[in-house]
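Each remark here refers to the structure printed beneath this line.
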Amino acid sequence: MPSSTSPDRGDDLEACILRFSDWDLKDTHLTNSSSSLKAELDVNTKKKYSFAKKKAFALFVKTKEVLAPSYKCKERRWKCCQQLFPDQTGIHRHVATQHADEVCRQTASVLKQLAATLGTSKGPLSAGNGNPPKEDLTPNHDVSAWLPDVSCFSPDELVSGQGGEEGEVLLYYCYCDLEDPHWICAWQTALCQRLHLTGKVRIATEGVNGTVGGSRLATRLYVEAMLSCPLFKGYLSEDDFKTSKGGACCFPELRVGVFEEIVPLGISPSEISYKKPGIHLSPGEFHKEVEKFLSQANQEQSDTILLDCRNFYESKIGHFQGCLAPDIRKFSYFPSYVDKNLELFRDKRVLMYCTGGIRCERGSAYLKAKGVCREVFQLKGGIHKYLEEFPDGFYRGKLFVFDERFALSYNSDTVSECSYCGVPWDRYQLCSTPQCRQLVLSCPACRGQGFTACCVTCQDKGSRPAAVPTWSGFREECECTARRPRVPSDLPRPVQLPESPEVRPSVAEDGPRSCGRHHHHFPEPPQS
């Protein structure tokens, strides 16, 4: 695979995927296995042999890394040949002594690609430059040169769920200017297909946004391919990839496409650019800010707003304590929400957060452009990264994800309830009416009674047989969503003298909708 790391720097361990000791590569068995390969190389390619061998060894070890059993555990472990290795020394010795042939084959693949690219004046790599020039990535450039060689792996190893190992889901985004998103689209399609990955990848001139699932081997090869692409050099790092247990089964198919925006804010990137976002806070810094905010006696009168940028069905099952969670159904409604409730943010310090951080990039840029906030901050890496460091922090409930898992659990709190009976419940299922796409919170007891739809209308339709609809037949709105205002107003209502002795809500009771202080609109249960 082409790499953004110079082959001439073979002794630089930072150039490899992993750090490893020289003794691993000097092992007699490994050296003997590859001696014939080295003898067959021409003079120019022999100079790259050390780099290629280290690259191949490191990649092989990386594919054996397994997730820790708990999100609280940060130790790295490796599994190979039904053995678990708790430290790098053990896995390095095992690979060097037991898998020399596989490493040799991978080394040959790396050298083959180096030889092919070094032989052309406009190849992805040149002898004097380890970083391929971006201008070489044109529509005429073959995407196959940027695909990993998987010939040394069995098909079962690349397919999620094989060999008894659980798969993985990657979540990432990268904002950077891309001159030819259609070339990236073709490359991403070919890359994901080769690695048997499913999921969704959105590409635009402003960058790329993806969530893909597959085997751990496949996802690690995908990360390496992304980090090796010169278009993302300096913009994308390994820490930008969030991982969770899952696999290819978490998505029904692979969808890769070119769009105007990599996340739909509904405003052209030329008007609101990702280049003018809020101030990024690390999970630790954000945690301290939230702690300070929650320690205030009167959060309603605070100069700080903790703003959830997600949709209502996401914040319903999990959110930061004391947050303001707009009752919106799409992120593209967020700008209208800000416009309608602009006075809420005047002279305020705003702490924004979303799932992985991408929505906050341009969401914070839009809020900053209004010129009313004192300061705008955003959680770097989103809730995903925060929960990796603070699983028992100030975020309570589940983390909604846009795949067939629906949610990830980091703590035992349940902050939502069954839409029918009101018992604590936070496991979404799709509405039972085939034509509807709404999510329903219905506990097992209510589902056992047949309450499986999002509203009365859908419940009635569900009792009648219906043909399985095509994708175009699905509806984005239903009776229960139609009742919800498209853009809610969270501004406090002015106090008015009552015309009758009726008890009326106070300003505090009718103030901004914050999680824990105001319920979202729930579907009404069907009348039996």
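Key figures
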{"quantity": "All positions within segment 216-229 that are at pLDDT below 95, open to solvent by 10 Å² or more (accessible area, probe 1.4 Å) and either under 12 Å from Thr243 (Cβ atoms) or of a type in the set (Ser, Thr, Tyr) (or both)", "calculated": "Arg216, Arg220"}
{"quantity": "Residues of segment 434-462 that turn out to be within 18 Å of Thr481 (Cα to Cα), of a type outside the set (D, E, K, R) and touching an Asp or Glu at 6+ places or on another chain (Cβ under 9 Å), as a count", "calculated": "8"}
{"quantity": "Residue in segment 290-302 that is out of contact with any Asp or Glu (no Cβ under 9 Å at 6 or more places or on another chain), open to solvent by less than 40 Å² (accessible area, probe 1.4 Å), among the acidic types (Asp, Glu) and assigned to a helix (DSSP H, G or I) present", "calculated": "no"}
{"quantity": "Test: residue in segment 344-361 that is more than 23 Å from the chain's Cα centre (by Cα) and assigned to a helix (DSSP H, G or I)", "calculated": "yes"}
{"quantity": "Complete set of residues in segment 472-481 that are open to solvent by less than 70 Å² (accessible area, probe 1.4 Å) and either within 14 Å of Cys455 (Cβ to Cβ) or modelled with pLDDT of 60 or more (or both)", "calculated": "Cys478, Cys480, Thr481"}
{"quantity": "Checklist (1) under 15 Å from Gly318 (Cα atoms); (2) open to solvent by 10 Å² or more (accessible area, probe 1.4 Å); (3) in contact (Cβ under 8 Å) with a residue 40 or more places away in the chain applied to Asn411, failing item", "calculated": "(3)"}
{"quantity": "Those residues of segment 440-454 which are surrounded by fewer than 17 Cβ atoms within 10 Å (Cβ to Cβ) and under 26 Å from Arg396 (Cα atoms), in sequence order", "calculated": "Pro444, Ala445, Arg447"}
{"quantity": "Breaking point among (1) out of contact with any helix residue (DSSP H, G or I) (no Cβ under 6 Å at 6 or more places or on another chain); (2) open to solvent by 20 Å² or more (accessible area, probe 1.4 Å); (3) farther than 19 Å from Pro326 by Cβ; (4) in a helix (DSSP H, G or I), for Lys368", "calculated": "(3)"}
{"quantity": "Filter result (open to solvent by 20 Å² or more (accessible area, probe 1.4 Å) and farther than 17 Å from Leu399 by Cβ) within segment 306-329", "calculated": "Arg329"}
{"quantity": "Extreme residue, nearest to the chain's Cα centre (by Cα), among residues of segment 388-404 that are farther than 30 Å from Pro269 by Cα and buried (at least 21 other Cβ atoms within 10 Å of the Cβ)", "calculated": "Lys398"}
{"quantity": "Check on Glu285, modelled with pLDDT of 95 or more, assigned to a loop (DSSP other than H, G, I, E, B), surrounded by fewer than 21 Cβ atoms within 10 Å (Cβ to Cβ) and acidic (Asp, Glu)", "calculated": "no"}
{"quantity": "Residue, most open to solvent (accessible area, probe 1.4 Å), within segment 184-204, restricted to residues that are among the β-branched types (Val, Ile, Thr) and in contact with a helix residue (DSSP H, G or I) (Cβ under 6 Å, 6 or more places away or on another chain)", "calculated": "Thr198"}
{"quantity": "Residue count, segment 383-433 (criterion: touching a helix residue (DSSP H, G or I) at 6+ places or on another chain (Cβ under 7 Å) and either among the small types (Gly, Ala, Ser) or not in a loop (DSSP other than H, G, I, E, B) (or both))", "calculated": "8"}
{"quantity": "Complete set of residues in segment 230-253 that are farther than 25 Å from Tyr274 by Cβ and surrounded by fewer than 19 Cβ atoms within 10 Å (Cβ to Cβ)", "calculated": "Lys245, Cys249, Pro252, Glu253"}
{"quantity": "Within segment 236-260, tally of residues that are out of contact with any helix residue (DSSP H, G or I) (no Cβ under 8 Å at 6 or more places or on another chain) and assigned to a loop (DSSP other than H, G, I, E, B)", "calculated": "6"}
{"quantity": "Top-ranked residue of segment 174-183 - restricted to ones that are in a loop (DSSP other than H, G, I, E, B) and in contact with a Ser or Thr (Cβ under 9 Å, 6 or more places away or on another chain), ranked as surrounded by the most Cβ atoms within 10 Å (Cβ to Cβ)", "calculated": "Leu178"}
{"quantity": "Among residues of segment 264-282, those that are outside any strand (DSSP E or B) and either charged (D, E, K, R) or touching a strand residue (DSSP E or B) at 6+ places or on another chain (Cβ under 6 Å) (or both), counted", "calculated": "5"}
{"quantity": "Hits in segment 414-439 (condition: open to solvent by 30 Å² or more (accessible area, probe 1.4 Å), of a type in the set (D, E, K, R) and within 10 Å of Ile317 (Cα to Cα))", "calculated": "Glu417, Arg427"}
{"quantity": "Residue check for Ile383: touching a Leu at 6+ places or on another chain (Cβ under 8 Å) and at pLDDT 95 or above", "calculated": "yes"}
{"quantity": "Among (1) open to solvent by less than 60 Å² (accessible area, probe 1.4 Å); (2) modelled with pLDDT under 85; (3) closer than 30 Å to Met352 by Cβ; (4) under 32 Å from the mean Cα position of the chain (by Cα), the one test that Arg486 misses", "calculated": "(1)"}
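The values are calculated or read from the model by the stated rules, or taken from the named source; none is laboratory data. No experiment lies behind these values; they were computed from the predicted model shown. Methodologically, a virtual Cβ is constructed for each residue, glycine included, from the backbone with ideal geometry; neighbour enumeration extends over all protein chains shown. What goes into the accessible areas is simple: the full protein's heavy atoms, side chains included, and nothing from ligands, DNA or RNA. Shrake-Rupley method; radii C 1.70, N 1.55, O 1.52, S 1.80 Å.
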